[in-house]
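Asker: Okay, here's the structure, questions in a sec.
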Amino acid sequence: MASGKVYLVGAGPGDPGLLTLKGQQCLELADVVIYDYLANPLLLGYAPSDAEKIYVGKVRGNHHLPQEETNALLAEKAAAGLQVVRLKGGDPYIFGRGGEEAAYLQERDIPFEVIPGVTAGFAAAAYAGIPLTHRDVTTSLALLTGHERPERKLSSLDWEKLATGLGTLIFYMGLSNLKLISEQLVKHGRSPQTPVAVVQWATLPRQRTLVGTLETIVADVAREGLEPPAVIVIGDVVKYREELRWYDNLPLFGKRFLITRPRAQAADFVQKLQQQGAETICIPTIEIAPPDDLRPFDEAVQKLTDFDSLILTSVNGVEAFFERLTANKLDVRSLAGIQLIAVGPKTAEAIAQRGLRPDLVPARYQAEGLVEELLAAGVEGHRFLYPRAKVVRPVLIEALKKAGAEVIAPEAYQNVRPTGKEDMIRHLLSEGELDAICFSSSSTFDNLLAMFGDELKKLQGRAEFFSIGPITSETIRKNGFEVALEPGKSTLDDLVAAMVQYYQQ
Ligand code: SAH
């Protein structure tokens, strides 16, 4: 039997991007992942889908699994020859009982490795704009536990040395003892004016940071209602936050958006929103599937050289076209001499990625814009191949035909409605947890409406509807809903820019 091993992996503080590469590699090879409350569950996505995932987290006051049982579970899985990832919030060896788990394994001769993680205190400071050490202010730093229950431990701290002998202090698990902590520090000689920052849910879009002084912070926290998990940073370095803030003042910080685009095409949009500080939840309301009958498309592709122009109006269309080109044992050489028309910059980019340069990218990104430019150039007798979605507006085909062109428009792909996600969306909407839903095409809206029917009416008002452009907006309005925002140009980049502007006003 292959020998099992336990990897104590630091999951980092919350932002999934703060996992180490080595931690990711361990997850990718895991047979079992045993994870905590503070480890971001999104990280489980790195583990193989058939890996066993076991939650042993403790929610305060509700201890899911006693430490002894967690230890035993680790040993048992490793003894069965499995690769076990013990995923722990922050760093496994900082206030996380990682040392106890390792000792338990060591006593039983079970091999283990420790992969450090970004500990919450360091991350909270960074994301709150607080340099933990600074030449001008302090050269020392201490990590401390302010754990709720064992007052013994707290009172056993050498408050006098802490208060005067050290620079920056970071307390973990200290919120419920904040009064004791601040009083003791002042009593033992720290200035009551010493700045204090409390950072809740650090590095996540729900991060909240509160700044006060040793004298005010207890009342500040009570007033603002901050709750665990939070770290407390005490020391003069806290004042740098004023000038060094960079995260929680991003324009879309604290906003949460539902992205309805198919996942494969949402990555770029999601990344841009996140760069502006937004939280994004991707629940596609459309999925792309091949047409029910591929024959008409294949026939057209086989006769490619008969056409004068190829019109592609979406990234899906580009992908479907090249997929069928290959399936029909052809390649890009069959496109020689054919005018390549791309509607929209993303479509043009997808074509460019295949080593081709579109001959025409109309200035306006809708069918109307293309029709205008083509008619101006003259299309009489011209043969167009237009691989299209199953459902399209008839504008382009009708206008070209009317002007004397021949248009072959086989179905190249269809949008289908994913099922099973209604409950998640309903929950997000009904709990008022969303600021807006972003629609990047009419079908993303149509499908959402089809998923919810009249219920959507009741749910609107809890989140705003943002639309990529006039066609999508029209679909939304036609169904009796309001569009809160539509960018001047119909691209996702312009939509992000418009969203930034919207919230800045
Ligand atoms: N091993 C972890 C700490 C576990 S103790 C680490 O290295 O970060 C749990 C405490 O960590 C919480 O009570 C809180 O004080 C702190 N903590 C963990 N994640 C946090 C987060 N995202 N924001 C603020 N505090 C956090």
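The values are calculated or read from the model by the stated rules, or taken from the named source; none is laboratory data. In this text the structure is predicted, and so the values were computed from the model without any measurement. Heads up, the Cβs are rebuilt from the backbone with ideal geometry, glycines too, and the neighbour counts pull from every protein chain shown. For accessibility, only protein heavy atoms count, side chains too; no ligands or nucleic acids. Shrake-Rupley method; radii C 1.70, N 1.55, O 1.52, S 1.80 Å.
Asker: Restricting to the stretch 467-479, name every residue that is touching a residue at least 60 places away in the same chain (Cβ under 8 Å) and surrounded by 19 or more Cβ atoms within 10 Å (Cβ to Cβ).
Answerer: Taking the stretch 467-479 first, the residues touching a residue at least 60 places away in the same chain (Cβ under 8 Å) are 469-471.
Matches in the stretch 467-479: 469 only.
Asker: Considering only residues that are outside any helix (DSSP H, G or I) and either open to solvent by less than 80 Å² (accessible area, probe 1.4 Å) or of a type outside the set (D, E, K, R) (or both), which ones fall in the stretch 346-379?
Answerer: 353, 355, 356, 358, 360, 361, 362, 363, 365, 366, 378, 379
Asker: When you go through 56, 85, 32, 9 one by one, which is the residue that is farther than 26 Å from residue 122 by Cα, open to solvent by less than 50 Å² (accessible area, probe 1.4 Å) and not assigned by TED's automatic domain parsing to the domain that holds residue 175?
Answerer: 32
Asker: Is there any pair with a first residue in the stretch 34-45 that is at negative phi and part of a helix (DSSP H, G or I) and a second that is within 13 Å of the ligand (Cβ to nearest atom) and open to solvent by 30 Å² or more (accessible area, probe 1.4 Å) whose Cβ atoms are under 9 Å apart and which are 6 or more apart or on different chains, and what are they?
Answerer: If the second residue must be within 13 Å of the ligand (Cβ to nearest atom) and open to solvent by 30 Å² or more (accessible area, probe 1.4 Å), the pairs left are 41/35; 42/16; 43/16; 43/35; 44/35; 45/16.
Asker: Additional query: Considering only residues of the stretch 109-150 that are within 10 Å of the ligand (Cβ to nearest atom) and in a strand (DSSP E or B), which is nearest to residue 167 (Cα to Cα)?
Answerer: In this case the residue turns out to be 143.
Asker: Give me the residue from the stretch 161-178 that is more than 16 Å from the ligand (Cβ to nearest atom), open to solvent by 20 Å² or more (accessible area, probe 1.4 Å) and not hydroxyl-bearing (Ser, Thr, Tyr) and, out of that set, farthest from residue 239 (Cα to Cα).
Answerer: 161
Asker: Looking only at residues that are free of Cβ contacts under 8 Å to residues at least 24 places away in the same chain and part of a helix (DSSP H, G or I) in the stretch 280-326, which one is surrounded by the fewest Cβ atoms within 10 Å (Cβ to Cβ)?
Answerer: The selected residue is 295.
Asker: Separate question: I'd like to verify a number: residues in the stretch 88-108 that are in a loop (DSSP other than H, G, I, E, B) and either open to solvent by less than 20 Å² (accessible area, probe 1.4 Å) or within 11 Å of the ligand (Cβ to nearest atom) (or both), how many?
Answerer: Qualifying residue count, the stretch 88-108: 8.
Asker: Also, I was wondering about something else. Which residues, counting only those in the stretch 206-240, are in a loop (DSSP other than H, G, I, E, B), open to solvent by less than 30 Å² (accessible area, probe 1.4 Å) and more than 9 Å from the ligand (Cβ to nearest atom)?
Answerer: Answer for the stretch 206-240, where residues must be in a loop (DSSP other than H, G, I, E, B), open to solvent by less than 30 Å² (accessible area, probe 1.4 Å) and more than 9 Å from the ligand (Cβ to nearest atom): 214, 226, 235.
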